[in-house]
1. For the chain, what class follows from the C-alpha gyration tensor (a ≥ b ≥ c being the square roots of its eigenvalues): rounded when a/c is under 1.5, otherwise prolate if a/b is larger than b/c, else oblate?
2. Can you give the angle from 0 to 90° between the axis of helix 174-188 and the longest principal axis of the chain, with both taken from C-alpha atoms, to the nearest 10?
3. Can you give me the distance in nm between label points at residue 350 and residue 290, each placed 7 Å from the Cα along the Cα-to-Cβ direction?
4. Please give the calculated 222 nm ellipticity per residue for the chain, where each DSSP H segment of at least 4 residues contributes -39500 (n - 2.57) and the sum is spread over every residue; nearest 500 deg cm²/dmol?
5. Take residue 363 and residue 182, extend 7 Å from each Cα along the Cα→Cβ direction, and tell me the distance between the two endpoints in nm.
6. For 69, 8, which order do you get if you count the other beta carbons within 10 Å of each Cβ and list the fewest first?
7. Need one number for region 255-373: average projected area of the convex hull over its C-alpha atoms, nm².
8. Ranked by Cβ crowding within 10 angstrom, fewest neighbours first, how are 55, 314 ordered?
């Protein structure tokens, strides 16, 4: 039997549904897939070109698309109405660059709000409520790179100033950037300093292993902690709190994952067929969801049975997902995520937010190389 190689990320949400879908697809196609997995940190930073030379199918996230295009390491995918029409907000177009589709969304995510419903009456609606609960020691926030930058993206965009994401220019309105850093710093001073070393999974594990953390106002949602049958306390997920009156839930930093096909594989047709299958509405609403996947197709998000099994995860966060904003995606952006995150952490700890925003602008300019305008 022909066997492909696939690479996903090391979490039940990223691995289990790929294995389950492969089992069904293989029974029909006669083609197998051996799946490997890499850490969340590697998923956010590891060079896609190196993976493309080893694997036929690769799970990626959208900020890589500019680099992917420049390296020519992925095979462009056909535009499919079922998958394009099932986009949660900008999930599908986030993988489009240079007029080509480089991945299909299989997992939709954005920064949302997570709570322990047994510890708090319901989700918080405003930032003042967040600060008040944080003063009681009941709030956490993932501040490890790149998540501290994602919080900055969300705060500026929710205030009406989306960070520049389509070419050279002003990275963010300077006053809006200063205000976002000030807002984030006031919260960072109230949470456990250990948050600076925590990604979303670490924060969720802290939430379910003790009884102190009742709310995380900005964090990438993980359906795994909301599914029926979850061991330990079951978390509840909701739209982000407003940072200012009438701000609504717009601007959350889009996340999620897409399935991409290597340009170097020997069985590209089979790989493309699997990508179509795993991202399609039928598989997303069925096998993918039942295997613990966080679905990426809108028809699965609004399916009552899928939502009920996930404790209302999808209905509780869909407004935030639909209104989420894109991160930059140009070739050169990926190293910026780490450098910008480190600069923001320094600002949160030491102040001087105006200088920090200026430094972020300089770092952003450098991603375009000499002579960019």
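1. oblate
2. 90 degrees
3. Modelled inter-label distance: 5.6 nm.
4. Counting only the DSSP helices, I get -12000 deg cm²/dmol.
5. With each label point 7 Å from Cα toward Cβ, the separation is 2.1 nm.
6. Final ranking by Cβ density, sparse to dense: 69, 8.
7. It is 11.5 nm².
8. 55, 314
Coordinate-derived values only; no laboratory data. The structure displayed is predicted, hence computed values, not measured ones. A quick note on method: Cβ atoms are made from the backbone with ideal geometry, for glycine too, and the neighbour counts reach across all protein chains shown.
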